[in-house]
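Report on one structure; see the data block that follows.
The values are calculated or read from the model by the stated rules, or taken from the named source; none is laboratory data. It should be emphasised that the depicted structure is a prediction, and the values quoted were computed from it without experimental measurement. Note that each Cβ is placed from the backbone with ideal geometry, even for glycine, and that neighbours are counted across all protein chains shown.
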Amino acid sequence: MKIVLAPDKFKGSLTAPEVAEALAEGIRAVLPEAELVLVPVADGGEGTVTAALGAGFTPRRAAVAGPTGATLTAEFAVSGTRAVIEMAAASGLDVLPGGVKDARGATSLGTGQLVRAALDAGCRDIVLGVGGSACTDGGAGMLAGLGARFTDDAGNGLPLGGAALARIAEADLSDLDTRLDRARLTLAADVDNPLTGPRGAAAVFGPQKGATPSDVEELDAALEAFAAVLGAAMGPAAAAAKGQPGAGAAGGVGYAALALGATRRRGIDVVVEFTGLREKLAGADLVVTGEGSLDLQSLAGKAPVGVAAEARALGVPVVAVCGRSQLADPAAAGFDAVHALTDLEPDVEACIRGARSLVRQVGIDLAASIVGDKSGREPVR
């Protein structure tokens, strides 16, 4: 029997590889002869580099500016001339010093420096996974990390962060890294928001980054000013990028990436490709996927639903494992069954603390169910 284990992370408790390994331990305890294929996945946000490393990419590290400008070390993944970069590693909420949010001043500078580090490593096919960002700077910081310079009316360089863009007068792109012209950039983003307006980066995502209602208004106006200046400097395609789906992703980093000519793709589609998941599903008898919480957001392109779609296209049954489930109809998400850790341990905090042993127990229960099916006995649930 071949079983493919392709879970996403359980945020706050287990990485995707840890979930897959715990499931494998449980299944092997009952079905030692089973062929288990571990393919940890992600949806393009946090965990995407981990998924790439699990697929055989090599880890690289670079010293870059964090979301407040302080230096940190961020990891990315390389395979040949392809790189996978996770914006959250350099410019994410989880790497804010002390966890203190700075909606007006946080920058994507380090993300641009990571892209440059990938170019320095000889990569020409770069996947930029966005999600969990701390900034709302339209990607101005990312472009600065790649050599751009933004100035005010007096010719002074602008400070970092989205709020300062309200004073932008000129975008100097003369030192923009020319290797970008020969590189292919993929924006792995599920959101389809434009850069500005009521569905824009500031209005929709700003409050998650600590923006007050007045901050949202200020940042939205600043992004409008930035797009006008950058569009004039880069040409019609960059100007049009402001309204494209995904421009509002990651505080507007999506806009800067699209202005550079990036192709936007769903995060799970990109991960399915570089992990070789589709090929690994061939001949599988069962696929087990999952994430920490299965809910309505899961239906909007999250990793487990993407894995289920791939599996069902090949006629392979799919079981989801999660910390908790709020899905009224698992079949609507493509799952034949859902096993929540809260079914085993109702106390959520205890569930988080004991996630690994609980996931292992789910693996045992799944394998026992398979044995029950094979023997003609009532399956164990």
Report summary line: Quick count over the stretch 156-201, residues being over 30 Å from G47 (Cα atoms), among the charged types (D, E, K, R) and touching an Asp or Glu at 6+ places or on another chain (Cβ under 9 Å), is 2
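So which of T186, T196 is in a loop (DSSP other than H, G, I, E, B), β-branched (V, I, T) and crowded, with 18+ Cβ neighbours inside 10 Å? Full working, then the answer.
Values: T186 fails: in a loop (DSSP other than H, G, I, E, B).
Result: T196 is the single residue among T186, T196 that is in a loop (DSSP other than H, G, I, E, B), β-branched (V, I, T) and crowded, with 18+ Cβ neighbours inside 10 Å.
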**Report entry** helices (runs of 4 or more DSSP H) wholly inside the stretch 25-120 that include at least 3 residues being modelled with pLDDT of 95 or more, of a type outside the set (S, T, Y) and surrounded by fewer than 20 Cβ atoms within 10 Å (Cβ to Cβ)
**Finding:** 109-120
Query raised in the report: Of the residues in the stretch 146-170, how many are surrounded by fewer than 22 Cβ atoms within 10 Å (Cβ to Cβ), outside any helix (DSSP H, G or I) and among the small types (G, A, S)?
Result: 5
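So which residues in the stretch 2-24 are assigned to a helix (DSSP H, G or I) and either buried (at least 24 other Cβ atoms within 10 Å of the Cβ) or at positive phi (or both), if there are any at all? Can you show your working first?
Just the residues of the stretch 2-24 that are assigned to a helix (DSSP H, G or I), to begin with: 16-24.
Answer for the stretch 2-24, where residues must be assigned to a helix (DSSP H, G or I) and either buried (at least 24 other Cβ atoms within 10 Å of the Cβ) or at positive phi (or both): A16, V19, A20, A22, L23.
Considering every residue within the stretch 276-287, establish whether at least one is farther than 30 Å from G80 by Cα and of a type outside the set (V, I, T). Spell out the reasoning first.
The first filter runs over the stretch 276-287 and keeps only residues farther than 30 Å from G80 by Cα, leaving 285-286.
Keeping just the survivors that are of a type outside the set (V, I, T) gives 285-286.
Scanning the stretch 276-287, I find at least one residue that is farther than 30 Å from G80 by Cα and of a type outside the set (V, I, T), so the answer is yes.
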**Report entry** The lone exception for L180 - which of (1) assigned to a loop (DSSP other than H, G, I, E, B); (2) more than 19 Å from T151 (Cα to Cα) it fails
**Finding:** (1)
Query raised in the report: Does the stretch 123-145 include one or more residues that are more than 21 Å from the chain's Cα centre (by Cα) and assigned to a loop (DSSP other than H, G, I, E, B)?
Result: no
Report task. Just give me the residues in the stretch 235-250 being surrounded by fewer than 20 Cβ atoms within 10 Å (Cβ to Cβ), touching a Leu at 6+ places or on another chain (Cβ under 7 Å) and not in a loop (DSSP other than H, G, I, E, B), in sequence order. Result -> none
Query raised in the report: Which one of these does A228 not meet: (1) at pLDDT below 95; (2) surrounded by fewer than 20 Cβ atoms within 10 Å (Cβ to Cβ)?
Result: (1)
Query - Pair list, Cβ < 8 Å and 6+ apart or interchain, from the stretch 309-336 residues that are within 16 Å of L366 (Cβ to Cβ) to residues that are among the basic types (K, R) and in a helix (DSSP H, G or I) - result: V318/R312
